[in-house]
Amino acid sequence: MEDSFDQKYQFQFSDTCNEIIVSTNDDIAAGIFNHTFIRIFDLKNYKNLGRVFIHQNEVNCIGWIFNNQGLLITTLQDHVFVLDIQNWDPLSILYTEIDNSFMPKNQFFSHIDSKNITENRTLCSLSFSDGTCTVIEIEKIHGRITSKVIDKFCMFEYQITKSEDAEIVELYQNLTKYRVNISF
């Protein structure tokens with residue numbers, strides 16, 4: 001990252017851009033547009049590499065996995081997909097839906113963070129609107145995607161059990177009953 005506040009890139013879109021993420025080496029960006037598709041950009045050559053549609057799903061969060069060679073995608077329909085990028089130009093991907101039994105039902109994904117362990121193994125932290133945080137491991141073995149839950153906890157439940165203020169406890173209990181879109 002540069003110390004100055006000089007503009008590095010400028011893009012103009014006709015569609016609504018919901019989120020943009022940039023790869024760790026600053027050469028590729030991925031964005032969610034109108035919650036209906038993902039667009040991939042080559043930032044070195046200022047080129048649009050293509051669009052990815054997840055049919056019958058509204059995309060709400062994305063995160064880089066597999067050393068920026070894949071994307072983890074969550075949808076408003078409570079589905080989780082892994083995009084394994086085979087080729088950048090022309091864009092060629094394989095996508096797989098992974099097990100979503102770890103997810104609290106009817107909750108918005110708030111955020112995805114990831115840490116690459118190897119080129120084919122990534123740990124991801126998923127945050128949900130009800131305060132649930134889940135850590136999963138995603139691994140690519142011989143071209144097949146596997147996933148497993150490493151840990152799961154709820155920040156709201158933690159606040160309910162640890163707080164000595166009855167009004168705070170009631171607030172957090174009420175928040176766990178609703179599907180709320182919380183953005184940080």
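The values are calculated or read from the model by the stated rules, or taken from the named source; none is laboratory data. The shown structure was predicted, so the numbers you read here are calculated from the model rather than taken from an experiment. Note that we place each Cβ from the backbone using ideal geometry, even for glycine, and neighbour counts take in every protein chain shown.
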Checklist outcome for this item: Looking across the range 66-99 at residues that are acidic (Asp, Glu) and farther than 15 Å from Arg51 by Cα, the single one that is modelled with the highest pLDDT is Glu97
Next on the checklist: Quick check on the range 105-116: of everything there that is touching a residue at least 12 places away in the same chain (Cβ under 8 Å) and surrounded by fewer than 17 Cβ atoms within 10 Å (Cβ to Cβ), which residue is nearest to Ser23 (Cα to Cα)?
Outcome noted: Asp113
Item to check | Residues within the range 65-104 that are among the small types (Gly, Ala, Ser) and closer than 17 Å to Val22 by Cβ, tallied | outcome: 1
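Can you find a residue that is part of a loop (DSSP other than H, G, I, E, B), in contact with a Ser or Thr (Cβ under 7 Å, 6 or more places away or on another chain) and touching a residue at least 12 places away in the same chain (Cβ under 8 Å) anywhere in the range 74-87?
Scanning the range 74-87 turns up no residue that is part of a loop (DSSP other than H, G, I, E, B), in contact with a Ser or Thr (Cβ under 7 Å, 6 or more places away or on another chain) and touching a residue at least 12 places away in the same chain (Cβ under 8 Å).
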Next on the checklist: For the range 128-168, give me the residue count where each residue is surrounded by fewer than 18 Cβ atoms within 10 Å (Cβ to Cβ), among the aromatic types (Phe, Trp, Tyr) and at pLDDT 80 or above.
Outcome noted: 1
Item to check | Residues of the range 1-57 satisfying the condition of being at pLDDT 85 or above and small (Gly, Ala, Ser) | outcome: Ser23, Ala29, Ala30, Gly31, Gly50
Next on the checklist: Among the residues of the range 117-128, are any of a type in the set (Phe, Trp, Tyr), over 24 Å from Phe37 (Cα atoms) and assigned to a strand (DSSP E or B)?
Outcome noted: no
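Here is a yes/no grid of residues against (1) touching a helix residue (DSSP H, G or I) at 6+ places or on another chain (Cβ under 7 Å); (2) assigned to a loop (DSSP other than H, G, I, E, B); (3) more than 21 Å from Glu58 (Cα to Cα):
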site	(1), (2), (3)
Glu97	no, no, no
Met103	no, yes, no
Ile112	no, no, no
Glu137	no, no, yes
Phe153	no, no, yes
Checklist entry - Among Ile65, Ile85, which is within 19 Å of Asp42 (Cα to Cα) and touching a Leu at 6+ places or on another chain (Cβ under 6 Å)? => result Ile65
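Applying the selection to the range 24-50, what residues are surrounded by fewer than 18 Cβ atoms within 10 Å (Cβ to Cβ), under 17 Å from the mean Cα position of the chain (by Cα) and on the phi < 0 side of the Ramachandran plot?
Thr24, Ala29, Thr36, Phe37
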Checklist outcome for this item: Exactly one of Glu97, Glu119 is out of contact with any strand residue (DSSP E or B) (no Cβ under 6 Å at 6 or more places or on another chain) and closer than 20 Å to Ile141 by Cβ, and that one is Glu119
